[in-house]
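The values are calculated or read from the model by the stated rules, or taken from the named source; none is laboratory data. Please read these numbers as outputs of a predicted model, since none were measured by experiment. Cβ placement follows ideal geometry from the backbone for every residue including glycine, while neighbour counts extend to all protein chains displayed. Calculation scope for accessible area: heavy atoms of the full protein, side chains included, ligands and nucleic acids excluded. Shrake-Rupley method; radii C 1.70, N 1.55, O 1.52, S 1.80 Å.
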Amino acid sequence: MRLVILTAFGVGGATVIGAVLGFIFKRISHRFSDIVLSFAAGIMLAASVIGLILPSLDYGGEFALVKTIVGIFLGAACLNLIDKLVPHLHKLVGPDDTEEHRKSNLNKVLLFVLAIGIHNLPEGIAAGVGFGSGDTSGALMIAIGIALQNVPEGMIIIGPMLSAGVKPMKAFVIALITGIVEVVGTFMGYFAVSISTVVLPVALAFAGGTMLYVVSDEMLSETHGHGSQRGATYALLIGFAVMLVTDYLLG
């Protein structure tokens with residue numbers, strides 16, 4: 001349980017670390033942002049498959065394949081519904097865009113931050129579900145992947161808030177809240193699976209589906225539209241390879 005607590009605050013704290021970096025590097029380039037996000041996408045892609053989807057098949061028992069596939073699509077559908085209810089305003093996060101972004105009104109910026117906070121909940125659940133399965137090495141791999149993704153995410157929410165006139169301390173508190181949401185999600189995932197092992201296979205696949213959705217819909221689309229596609233692609237491959245090595249060493 002102690003490891004779960006440390007991981008929960010580590011995953012949520014990664015957003016805060018990113019926010020601090022966002023204050024330091026207010027004008028990061030698109031190229032740097034794309035490469036960092038792609039690296040994180042590669043890590044999350046490997047973590048979702050190795051740490052969640054494959055274990056779902058292992059724990060599934062009878063009809064394991066059906067349970068896993070259903071869980072994956074349920075996870076993706078859940079985030080798709082969230083996107084429809086709270087649009088993820090991609091255009092607000094361009095790190096070196098022009099005056100158009102500086103004049104974005106406060107309501108839109110806060111809507112963007114709210115969307116990130118809501119997306120953090122299923123990511124936290126994914127980390128918690130990993131620990132609930134009892135596979136500590138796999139759970140740590142998932143948590144590392146989510147944490148690394150949270151650092152650039154924390155960075156990109158600071159600039160738009162400051163540009164919209166939000167005071168630095170208030171912007172930091174808002175970023176902190178988005179991290180706390182992930183901490184809550186981690187405990188939710190852990191206790192839900194610990195209480196009922198019957199839901200474990202579907203829960204693992206559900207968490208994997210949410211991570212795959214985030215990688216495809218949120219991260220890859222952000223990293224391949226600014227002329228840095230080649231570097232972003234190799235960064236993704238490096239991130240994927242890093243997680244393969246991590247899984248091998250932890251195994």
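General observations
- Here the Kirkwood formula, the inverse mean of 1/r across different C-alpha pairs, assigns the range 165-205 a hydrodynamic radius of 12.2 Å.
- Highest average packing first - 37-47, 207-217, Cβ atoms within 10 Å: 37-47, 207-217
- You can think of it this way: the chain between L249 and I5 has 85.5 nm of extra reach, that is 0.36 nm per residue less the Cα-Cα gap.
- Accessible surface of the range 133-236 [probe 1.4 Å, protein heavy atoms]: carbon and sulfur percent: 70 percent
- Per residue, in Å², the accessible surface of the range 30-85 once ligands and nucleic acids are set aside, probe 1.4 Å: 48 Å²
- Above 18 Å, the calculated P(r) of the range 140-251 contains 64 percent of its Cα-Cα pairs.
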